[in-house]
Amino acid sequence: TAPLLYVVGDLKDTFESLFGRFNYSYDNKYYLQVLARRDGSSKFGPENKYGFFPAASASWYISQEDFLKGNKVLSNLKLRTSYGKVGSSQFASGQYAAFFDKGTVYNGTNSLYPYNIKNPALKWEEALNFDLGVDFGFFNNRITGELAYYHKKTTGALLNGAISPSTGFLNGWVNVGTITNQGLELSLNTINIQSDNFKWVTRLNVSQNQNKVIDLGGFSADAISGGTNDTRIAIGYPLGINYLVRYKGVDPADGLPIWLNKDGYETKTFSLDDRVITGQVLPDFVGGLTNTFTYK
């Protein structure tokens, strides 16, 4: 096993994977895929280097059925779904071990000091993903698009900083909390004009995501967010919410700002103790519109 003590520097990491995949198709209409993989990473502690991540997906080309063949309006229709588990190791190598960094020279001798706290139990962040979607095309695929629903549940989320100050450290990687994401995605592509010399294509996409923190593994919002930031990670709210003292305006009598305390009453005294949840930093919708013009 690897040691749990390192001097801060450039650390390399290794990754290995063993996977198998089964594909099945029938009559060019029904498709099934099953995947199982076992991934290992040196980024995790000796007892948690490996994770098992299975998945399955299926699709049905409805437009290939006899009752839709030859349809001059609907040129493509496919129903698809998938469910599976994925793992994440998106952080620097060696964070499960204790680091020492170079300190000042004392009496002609180099010194080292503890840089972070070790966590040999650090393991893979895991997410269960489910999605259900439909792909469509009309008028010989002059109009195409897809509409999809997804739900993702992340457990053992990898976070840096949820460390008690009593340890003497400010940062440390831990697996903590459960987070869900669910939403809808819509994309639409249209070929507006197509001739020998000119083509105009429009692409539209809109997505809506609902993010929610389900569990923090016993940590408080202050432990996760540092206690002095203007954003918080709190149970029952999206990941990253505004945590501010509410401002009402200026008193015309004396020109002083007016704040609201935690209970909603006006005050002339600004205090961080009066911060409350005022809104999320994540947008309600994300979208884009692109027009492409091609000449000759």
**Message:** With surrounded by fewer than 17 Cβ atoms within 10 Å (Cβ to Cβ) and in contact with a Leu (Cβ under 8 Å, 6 or more places away or on another chain) as the only criterion, which of Gly103, Gly108 stands out?
**Reply:** Gly103
**Asked** Among (1) over 22 Å from the mean Cα position of the chain (by Cα); (2) of a type outside the set (Ser, Thr, Tyr); (3) in a loop (DSSP other than H, G, I, E, B), where does Phe91 come up short?
**Response** (1)
**Message:** Just checking, does the range 244-264 include any residue being under 29 Å from Thr180 (Cβ atoms), modelled with pLDDT under 95 and touching a Pro at 6+ places or on another chain (Cβ under 8 Å)?
**Reply:** no
**Item:** Which listed residue, of Gly287, Gly249, is among the small types (Gly, Ala, Ser), assigned to a strand (DSSP E or B) and either touching a residue at least 40 places away in the same chain (Cβ under 8 Å) or open to solvent by 60 Å² or more (accessible area, probe 1.4 Å) (or both)
**Value:** Gly287
**Residue that is open to solvent by 30 Å² or more (accessible area, probe 1.4 Å), under 30 Å from Gln64 (Cα atoms) and within 15 Å of the chain's Cα centre (by Cα), where the choices are Asn209, Asn129, Asn192, Asn140** = Asn129
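Residue-by-condition table, conditions (1) at pLDDT below 95; (2) more than 20 Å from Lys123 (Cβ to Cβ); (3) assigned to a strand (DSSP E or B):
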{"site": "Phe136", "(1), (2), (3)": "no, yes, yes"}
{"site": "Leu159", "(1), (2), (3)": "yes, no, yes"}
{"site": "Asn171", "(1), (2), (3)": "yes, no, no"}
{"site": "Val174", "(1), (2), (3)": "yes, no, yes"}
{"site": "Ile179", "(1), (2), (3)": "yes, no, yes"}
{"site": "Gln182", "(1), (2), (3)": "no, yes, yes"}
{"site": "Ser187", "(1), (2), (3)": "no, yes, yes"}
{"site": "Gly218", "(1), (2), (3)": "yes, no, no"}
{"site": "Leu239", "(1), (2), (3)": "yes, yes, no"}
**Message:** Looking at the range 240-289 only, could you name the residues that are within 30 Å of Glu185 (Cβ to Cβ) and among the charged types (D, E, K, R)?
**Reply:** Asp284
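The values are calculated or read from the model by the stated rules, or taken from the named source; none is laboratory data. All values derive from a computational prediction rather than experimental measurement. With ideal geometry, Cβ positions are generated from the backbone for all residues, glycine too; neighbour counts draw on all protein chains shown. Keep in mind that these areas ignore ligands, DNA and RNA; they rest on the heavy atoms of the full protein, side chains included. Shrake-Rupley method; radii C 1.70, N 1.55, O 1.52, S 1.80 Å.
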